[in-house]
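Asks: If you scroll down you'll find the structure; I have some questions about it.
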Amino acid sequence: MPELPEVETARRGLEPVLVDRRLDRVQVRQPMLRWPVPAGFAPALTGRRVTALGRRGKYLLIHLNDGQAVIGHLGMSGSLAVRPGCNRPPPDRHDHVIFDTDAGVRVTFHDPRRFGALLLTTARDLAGHPLLAHLGPEPLDPGFDGPVLAARLAGTRRTLKAALLDQRVVAGLGNIYVSESLFRAGLSPRRLASDLGGTRAARLTEAIRAVLTEALESGGSTLRDHRQPNGERGYFQHTFAVYDRAGQPCPGCDCDVAITGGVQRLVQGGRSTFFCPRRQR
């Protein structure tokens, strides 16, 4: 599932072609996504001007000049593609919602598995929307630091990995970037989350920020479906330290992998976790 870097990459790629543009035509070709596309979605957006693109956690936010706002989620396989007017191919069967701007640019919401979503609300109601109201702090915000993270984890009996996947603790993190951040911070995913404090919490927030920043610079991670709006793949997956590298050495490894087994995989809460037991305590 796309995580913060993939959604932010989509936002940045769409900003130059959508902001300050009028939506001349909106087509809903498949209304049944994770939740039904609201009735009247297309006429509500047609003729409106996009004033800003935002992001909250894993959600893309499209602000319109009449006070409406679209909440978008890419689900498991969703992507948003920018297609210029010239030599435009016909819509694919998985191109479920199409936005045409007054500049002749088409933005297509493509989602083979249909776990994504496009919902309509107002800018005034965004903060209290059920999908957004309980999200935790943004990990790239300047105010996200060790004390903030330690406070969010205080009192929980969950493992550190499970707690960090909870969007109410930190917004935008998923399986890939939690595994990579814990490795970078030298912390075991099996550690009790409530024990994290002081130096370790500061180390982890710095690792989270560094991993997310590097992933953004790489256009996110493409394991299967993620594409940037220009159609290019992300390439952060080529620099994974531990994720999906079970049995391989981690970066800078000086141990005998034949003896230690290298990076290990375990299942926590039904999700795969990858870590180095020698470097993560």
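Asks: Note the full-extension length gain between R93 and R124 as 0.36 nm times their separation in residues minus their Cα-Cα distance, in nm to one decimal.
Replies: Length gained between R93 and R124: 7.7 nm.
Asks: I've got another one for you. If you plug each phi of the range 13-30 into the Karplus form 6.51 cos²θ - 1.76 cosθ + 1.60 with θ = phi - 60°, what whole-Hz ³J(HN,Hα) values come out, in order, with x for Gly and Pro?
Replies: Those phi angles translate into x, 7, 3, x, 9, 10, 5, 6, 9, 8, 8, 7, 8, 10, 10, 9, 8, 9 Hz.
Asks: Cα centroids of the range 226-266 and the range 82-155: how far apart, whole angstrom?
Replies: For the range 226-266 versus the range 82-155, the Cα centre distance is 27 Å.
Asks: Per residue, how big is the convex hull of the range 4-125 when only Cα atoms are used? Give it in Å³. Before the final figure, lay out each step's value.
Replies: Working: hull volume 11.5 nm³, N = 122.
Per residue, the Cα convex hull of the range 4-125 comes to 94 Å³.
Asks: What number do you get for the chain when its Cα radius of gyration is normalised by 2.2 N^0.38 Å, N = residues? Please report the intermediate quantities before stating the final value.
Replies: Values: Rg = 20.2 Å, N = 281, 2.2 N^0.38 = 18.7 Å.
Rg over 2.2 N^0.38 Å, computed on Cα atoms: 1.08.
Asks: Here's another thing I want to ask about it. Express in nm, to one decimal, how much length is gained between E232 and V19 on full extension, taking 0.36 nm for each residue of separation and deducting their alpha carbon distance.
Replies: Length gained, E232 through V19: 74.6 nm.
Asks: Could you give log10 I(q)/I(0) at q = 0.14 Å⁻¹ for the range 146-275, computed by the Debye formula over C-alpha point scatterers of equal weight, without solvent?
Replies: With one equal scatterer per Cα and no solvent, log10 I(q)/I(0) is -0.64.
Asks: Suppose R0 equals 25 Å. What FRET efficiency, 1/(1 + (r/R0)^6) with r the Cβ-Cβ distance, do R114 and A258 give to the nearest 0.05?
Replies: Between R114 and A258 the formula returns 0.05.
Asks: Another question about this same structure. What nm value, rounded to one decimal, do you get for the distance between R203 and Q27 when each label is placed 7 Å out toward the C-beta?
Replies: In this crude label model, R203 to Q27 measures out at 5.5 nm.
Asks: How many nm is it between the label spots at A210 and Q268, if each spot is 7 Å from the Cα in line with the beta carbon?
Replies: 1.9 nm
Asks: Shifting gears a bit: Using 0.36 nm per residue, how much length does the chain from E217 to R281 gain when fully extended, once their Cα-Cα distance is taken away?
Replies: 20.2 nm
Bear in mind these aren't lab numbers, they're just calculated from the coordinates by the rules spelled out. Just so it is clear, the structure is predicted and the values come from calculations on it, not from any experiment. In this analysis, Cβ positions are derived from the backbone assuming ideal geometry, glycine residues included, and neighbour counts consider all displayed protein chains.
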